[in-house]
């Protein structure tokens, strides 16, 4: 259960980065709505991370949480914000995933 909480926390980290990206160039009500989504996802992510580290080692949980957010944000950037999907970017994202799996295994 603690790993599921950590994964959901990482997904909320990806969601707050997405909201932050959507805030760019917006004004008025639309900006405020994305800002509220950003704040809500940020709070949820931090709270769930705090719950997860009650039973998981912080030295493993924090990098896993950060990695989920980083990989998710790169994928959303490519899919939703038309960022470049270069070989180097994909390669280093895969090495990040391999590192996260390695941390979980030790």
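The values are calculated or read from the model by the stated rules, or taken from the named source; none is laboratory data. Here the structure is a predicted model, which means the values were calculated and not measured. For neighbour counting, all protein chains shown are included, and Cβ atoms are generated from backbone atoms with ideal geometry for every residue, glycine included.
Quick notes on this one:
- Hey, residue 43 modelled with pLDDT of 95 or more, surrounded by fewer than 16 Cβ atoms within 10 Å (Cβ to Cβ) and either under 27 Å from residue 104 (Cα atoms) or within 15 Å of the chain's Cα centre (by Cα) (or both) or not: yes
- Sole residue being under 22 Å from residue 1 (Cβ atoms) and either within 14 Å of the chain's Cα centre (by Cα) or assigned to a loop (DSSP other than H, G, I, E, B) (or both), chosen from 68, 97: 68
- Checked against (1) within 20 Å of residue 15 (Cα to Cα); (2) exposed (fewer than 13 other Cβ atoms within 10 Å of the Cβ), residue 73 passes all but condition (2).
- Qualifying residue in segment 19-38 (condition: surrounded by fewer than 19 Cβ atoms within 10 Å (Cβ to Cβ), under 17 Å from the mean Cα position of the chain (by Cα) and not in a helix (DSSP H, G or I)): no
- Flag for residue 53 being in contact (Cβ under 8 Å) with a residue 12 or more places away in the chain and touching a helix residue (DSSP H, G or I) at 6+ places or on another chain (Cβ under 8 Å): no
- Of all the criteria given as (1) at pLDDT 95 or above; (2) surrounded by 16 or more Cβ atoms within 10 Å (Cβ to Cβ); (3) assigned to a helix (DSSP H, G or I), the one not satisfied by residue 56 is (3).
- Close pairs (8 angstrom Cβ cut-off, 6 or more residues apart or separate chains): farther than 13 Å from residue 10 by Cβ in segment 26-49, exposed (fewer than 14 other Cβ atoms within 10 Å of the Cβ) anywhere: 34/26
- Number of residues in segment 76-92 that are surrounded by 13 or more Cβ atoms within 10 Å (Cβ to Cβ) and either touching a residue at least 24 places away in the same chain (Cβ under 8 Å) or not in a helix (DSSP H, G or I) (or both) equals 4.
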